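Chemist: Sharing a structure here in C-alpha cells format.
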Amino acid sequence: MSDCSFVDLTCISPNCNRPRKYAVSKITPHHMAGNLTLEQIAAMEAKPSRQMSSNYAISSDGGIALLCHEADRSWCSSSPANDHRAITVEVANDQIGGQWHVSDAALEALVKLCVDICQRNPALKNGLNYTGDARGNLTKHSYFTSTACPGPYLGGKFSWLAEEVNKRLAGGVTVAGDALRAGMALHLERTNLYIASASLAIAGVRTGTYYLWGAEVVNGRVRITNSTSNVGKYGKVTGWISVDDAKAGAGLRDQTTDSRGMTKIVIDYASNVQAMAVYNLAQQLDLVAPGYYRSRYIDAAKTAQYIEIGQISAGDAEHVTTLCKKAAIEYKTAA
C-alpha cells in the first residue's frame, strides 16, 4: 500500500497499529483545534504519551505531512472500526474557536490529498459519498464520540469536499453532490429491475453489488451492469432501475430519507456470548456509531445485556435478524 507522493514532511508516529486490519475504504478529515505547523503537529503525534496520531496533517499554508503510513491504522477517530478502514487527516484552523475556520490553502490541499488517496485505493476509486452519517465513505470524528471535531466550518464543507473530489476524479467534468457517475458501485437491496426505461413490468429483483452502466437518466431510470469491466459497453446492461434506488444504493442520500425503509431492532435479553456476536456483526456493518448501537447490562452479575440497534437500512436489519434467528435470540423490529 503506497502513501501520497507529494508530502512536504514525513515523520512517522509510533502511535499506530501495524498493519491496519482492513483495506482503506474511508477518509476522515479532522480539525486540529489549533493552528499548528507541520513540524508542531508531527512533534505532538511523535510522543507516545499523547496516544494519538493521524495518517496525514495539513497546515494553514497548505503543507502536507505524512505521520502514519496508509498501511497502518492511526489513533484518531475514537473508533477502531473506522480507523482501521479510514485515512485520517488533521487540518489546521486559522481561527481558534467560533467556527474554527480553515484556510483556503488548507482546503485545497485537503481536496488534492483526497483525490490522490481515492486514485490509489481501489475501494475509493468511485469517489466520495457523504451521507451525513457513518455509512458514507467520508466520515466525521463526531459520528463516533461526543466531540465538536471537525468543527462547524470544516464540517459544513463535507458535501462540497465530496463534490470537488469527485469532479476532479472525473477529469474536470462537473458532478453534482447528489449525482450518479458511470461505474459507481451500487449496493442494492431487493431492488426492482426493468428491461427498459419505460417498461411497467418488473423483470426481477436484485440484491448485491452492481455498477452504474452510464449516468444518463431516462424516464427516472438508469442502467446497471454486474461488473466494472462492463461499464459503458454495448450489450452489457443488466437492466434498468429507478434513479432513487440507484442513489440509495450508492449512499448518496441521508439514511433518514432512504426509500428502502429504516428499521430498529430491540433485543431485550442476550447473554454476553450472544451480545458479543451481535456486536461483532454490527461492527462489520459499521452500525456501532452512537445513535445506531446501544447496549447495557440488565443484571447485577453483568451476564446479560439489553441491545438496541436503531435506524438502520432494511438490508443491514436483515443481516442482524438472521444472526438472531440462528442464535435463538428473541428480538423485535419496528419501522
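Here's the yes/no breakdown for (1) within 21 Å of Glu164 (Cα to Cα); (2) in contact (Cβ under 8 Å) with a residue 60 or more places away in the chain:
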site: Ile58; (1), (2): yes, no
site: Ile64; (1), (2): yes, yes
site: Ser77; (1), (2): no, yes
site: Val111; (1), (2): yes, no
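Chemist: Can you give me the number of residues within the stretch 193-240 that are aliphatic (A, V, I, L, M) and more than 24 Å from Lys125 (Cα to Cα)?
Modeler: Number satisfying all stated conditions: 10.
Chemist: Moving to a separate point now. For the stretch 187-207, does any single residue satisfy the condition of being of a type outside the set (Asp, Glu), part of a strand (DSSP E or B) and under 14 Å from the mean Cα position of the chain (by Cα)?
Modeler: For the stretch 187-207, residues of a type outside the set (Asp, Glu), part of a strand (DSSP E or B) and under 14 Å from the mean Cα position of the chain (by Cα): present.
Chemist: Can you tell me how many residues within the stretch 104-135 are part of a loop (DSSP other than H, G, I, E, B), out of contact with any Asp or Glu (no Cβ under 9 Å at 6 or more places or on another chain) and at negative phi?
Modeler: So the count comes out to 3.
Chemist: So which residues in the stretch 270-305 are open to solvent by 40 Å² or more (accessible area, probe 1.4 Å), in contact (Cβ under 8 Å) with a residue 40 or more places away in the chain and either over 19 Å from Ser79 (Cα atoms) or touching an Asp or Glu at 6+ places or on another chain (Cβ under 6 Å) (or both), if there are any at all?
Modeler: If the condition is that a residue be open to solvent by 40 Å² or more (accessible area, probe 1.4 Å), in contact (Cβ under 8 Å) with a residue 40 or more places away in the chain and either over 19 Å from Ser79 (Cα atoms) or touching an Asp or Glu at 6+ places or on another chain (Cβ under 6 Å) (or both), then Gln274 is the only one that fits.
Chemist: Restricted to the stretch 12-50, and to residues that are basic (Lys, Arg) and within 22 Å of Ser146 (Cα to Cα), which residue is surrounded by the most Cβ atoms within 10 Å (Cβ to Cβ)?
Modeler: For the stretch 12-50, the residue satisfying everything is Lys26.
Chemist: Quick one: in the stretch 221-239, of everything that is at pLDDT 85 or above and over 26 Å from the mean Cα position of the chain (by Cα), which residue is most open to solvent (accessible area, probe 1.4 Å)?
Modeler: Looking at residues that are at pLDDT 85 or above and over 26 Å from the mean Cα position of the chain (by Cα), I get Lys236.
Chemist: I need the full set of residues from the stretch 120-157 which are over 16 Å from the mean Cα position of the chain (by Cα) and either closer than 23 Å to Gly249 by Cβ or aliphatic (A, V, I, L, M) (or both), in order please.
Modeler: Scanning the stretch 120-157 gives Ala148, Leu154.
Chemist: Given the conditions (1) surrounded by 23 or more Cβ atoms within 10 Å (Cβ to Cβ); (2) part of a helix (DSSP H, G or I); (3) touching a Ser or Thr at 6+ places or on another chain (Cβ under 8 Å), and given that Ser53 satisfies all but one, which numbered condition is not satisfied?
Modeler: So Ser53 meets the others, but not (2).
The values are calculated or read from the model by the stated rules, or taken from the named source; none is laboratory data. On a predicted model such as this, the values are computed, not experimentally measured, just so you know. Counting neighbours? That spans all protein chains shown, and the Cβs are built from the backbone with ideal geometry, glycine included. Side chains are part of the model used for accessible areas, which takes the heavy atoms of the whole protein and leaves out ligands, DNA and RNA. Shrake-Rupley method; radii C 1.70, N 1.55, O 1.52, S 1.80 Å.
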